[in-house]
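Shown next, in structure tokens, is the structure this report addresses.
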Amino acid sequence: MAAGGVKNKFVLGFFNSLTKWIYSHCRKVLVQSPGFTDYILNQGVPKDKIVFYPNPTEAFYKPLENEDEYGSFFSKDHFNIVFAGNIGEAQSFHTIIEAANLLKKLPVKFVILGDGRYKETALLKIKELGLEKIFSFLGSYPPTEMPKFFSHADALLVSLKKDKIFSLTIPAKIQSYLACGKPIIASIDGEGAKIVNDAKCGLTSPAEDSLALSRIIKELMTLDKSTLNQMGNNGRAYYEKEFDREFLLKRLEEIFIQ
């Protein structure tokens, strides 16, 4: 084995031993997603020490009605889908572009908020496919402005690469989307997709499956306004039950006194 390989093996072994020591000296181990439970169990942690405790989201994520600001970025003649966040390899943005290409004859518009290393590549691909009229890249805005944008959307989009670690996590984006009470389009696997399905707040497709993504977008586009509103309300109700900041703070207090 090369010297570098021996060094890496030693470093990984050290940190593995360190984390096991930390877990063994904790009264409770909080996991951000139920998907991490098996990993923690394999570290020798008893099941009764493991507690699911998701990350809270900011209180400014909430449904807004009759919001005028940013309305000019949206088309009343199209089904407006908002993607907010990092535009990178991890988000499998090429899957969104491929799905958009399959939908290009339909009245759909993708409004993109954020920036990232994949953005320039995405813009070139969009131009190559002649999809410029379908996409609007608006750049980055403060998180506090997101609910204003979301209020004009027909649906909110989250996507990730097909990867084991991503399937175990709950993307923070899902919690902010739920909080804002809009239907969710989720091109993801695992825990994130399970939440959307359990909440009955949108539709899911497997990660990196552009055909399946285009199909669920088509399906949402056929639904009437009242059905879409019900999906959004379902998402907000699920958020208040599982992810509300005040609820999670109280839950943390309960964990400390157990």
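The values are calculated or read from the model by the stated rules, or taken from the named source; none is laboratory data. All values derive from a computational prediction rather than experimental measurement. Neighbour counts are summed over all protein chains in view; Cβ atoms, including those assigned to glycine, are modelled from backbone coordinates with ideal geometry.
Does any residue of the stretch 116-130 turn out to be of a type in the set (A, V, I, L, M, F, W, C), touching a Lys or Arg at 6+ places or on another chain (Cβ under 7 Å) and either assigned by TED's automatic domain parsing to the domain that holds P147 or crowded, with 20+ Cβ neighbours inside 10 Å (or both)?
Within the stretch 116-130 (the criterion being of a type in the set (A, V, I, L, M, F, W, C), touching a Lys or Arg at 6+ places or on another chain (Cβ under 7 Å) and either assigned by TED's automatic domain parsing to the domain that holds P147 or crowded, with 20+ Cβ neighbours inside 10 Å (or both)), the answer is no, since none of the residues qualifies.
Name, by its number, the condition in (1) in contact (Cβ under 8 Å) with a residue 12 or more places away in the chain; (2) closer than 30 Å to E69 by Cβ; (3) assigned to a helix (DSSP H, G or I); (4) among the hydrophobic types (A, V, I, L, M, F, W, C) that does not hold for F247.
Only one criterion in (1) in contact (Cβ under 8 Å) with a residue 12 or more places away in the chain; (2) closer than 30 Å to E69 by Cβ; (3) assigned to a helix (DSSP H, G or I); (4) among the hydrophobic types (A, V, I, L, M, F, W, C) is unmet by F247, namely (1).
Among the listed residues F166, F149, identify the single one that is buried (at least 18 other Cβ atoms within 10 Å of the Cβ), within 17 Å of S92 (Cβ to Cβ) and of a type outside the set (D, E). Can you show your working first?
Details: F149 fails: within 17 Å of S92 (Cβ to Cβ).
Just a single option satisfies the conditions, and that option is F166.
Which of (1) surrounded by 15 or more Cβ atoms within 10 Å (Cβ to Cβ); (2) touching a Lys or Arg at 6+ places or on another chain (Cβ under 9 Å); (3) over 18 Å from Y177 (Cβ atoms); (4) in the same structural domain as L129 (by TED's automatic domain parsing) is the odd one out, the single condition A100 does not satisfy?
Failed condition: (2).
Scan the stretch 146-165 residue by residue and report those that are over 14 Å from E65 (Cα atoms) and over 10 Å from the mean Cα position of the chain (by Cα).
From the stretch 146-165, those over 14 Å from E65 (Cα atoms) are 155-165; that's our starting set.
Those that are over 14 Å from E65 (Cα atoms) and over 10 Å from the mean Cα position of the chain (by Cα): A155, K161, K162, D163, K164, I165.
Scan the stretch 222-235 and tell me whether some residue there is of a type in the set (V, I, T), surrounded by fewer than 23 Cβ atoms within 10 Å (Cβ to Cβ) and either closer than 27 Å to T37 by Cα or at pLDDT below 95 (or both). Show your work before the answer.
We begin by selecting, within the stretch 222-235, every residue of a type in the set (V, I, T); these are 222, 227.
This time we only want the ones that are surrounded by fewer than 23 Cβ atoms within 10 Å (Cβ to Cβ), so: 222, 227.
Subset that is either closer than 27 Å to T37 by Cα or at pLDDT below 95 (or both): none.
Taking every residue of the stretch 222-235 in turn, none turns out to be of a type in the set (V, I, T), surrounded by fewer than 23 Cβ atoms within 10 Å (Cβ to Cβ) and either closer than 27 Å to T37 by Cα or at pLDDT below 95 (or both).
Pairs under 7 Å by beta carbon, first residue farther than 17 Å from E98 by Cα and among the polar types (S, T, N, Q) in the stretch 212-237, partner assigned to a helix (DSSP H, G or I) and at pLDDT 95 or above, six or more apart or different chains?
N234/A199
Looking at L168, L178, which one is modelled with pLDDT of 95 or more and not β-branched (V, I, T)?
Values: L168 fails: modelled with pLDDT of 95 or more.
When all the criteria are applied, what remains is L178.
Taking into account only those residues within the stretch 236-245 that are acidic (D, E) and surrounded by 16 or more Cβ atoms within 10 Å (Cβ to Cβ), which is nearest to V31 (Cα to Cα)? Write out each step before concluding.
So the first thing to find is which residues in the stretch 236-245 are acidic (D, E), and the list is 240, 242, 244.
Now narrow it down to the ones that are surrounded by 16 or more Cβ atoms within 10 Å (Cβ to Cβ): 242, 244.
Details: E242: 14, D244: 17 Å.
The qualifying residue nearest to V31 (Cα to Cα) is E242.
Just name the residue that is farthest from F150 (Cα to Cα) out of those in the stretch 33-67 that are out of contact with any helix residue (DSSP H, G or I) (no Cβ under 9 Å at 6 or more places or on another chain) and assigned to a loop (DSSP other than H, G, I, E, B).
That would be P46.
Starting from the stretch 20-33, take each residue that is touching a residue at least 60 places away in the same chain (Cβ under 8 Å) and list its partners that are small (G, A, S), counting only C-beta distances under 9 angstrom and pairs at least six apart or across chains.
S33/G190; S33/G192
Can you tell me which residue among T95, T144, T121 is in contact (Cβ under 8 Å) with a residue 40 or more places away in the chain and more than 23 Å from M231 (Cβ to Cβ)?
Details: T95 fails: more than 23 Å from M231 (Cβ to Cβ); T121 fails: in contact (Cβ under 8 Å) with a residue 40 or more places away in the chain.
Residue meeting the stated conditions: T144.
Report the residue count in the stretch 31-59 for those that are surrounded by 15 or more Cβ atoms within 10 Å (Cβ to Cβ), within 22 Å of F247 (Cα to Cα) and of a type in the set (A, V, I, L, M).
3
Starting from the stretch 180-191, take each residue that is assigned to a loop (DSSP other than H, G, I, E, B) and list its partners that are surrounded by fewer than 24 Cβ atoms within 10 Å (Cβ to Cβ) and among the aromatic types (F, W, Y), counting only C-beta distances under 8 angstrom and pairs at least six apart or across chains.
These pairs meet every condition: C180/Y61; I188/F166; D189/F166.
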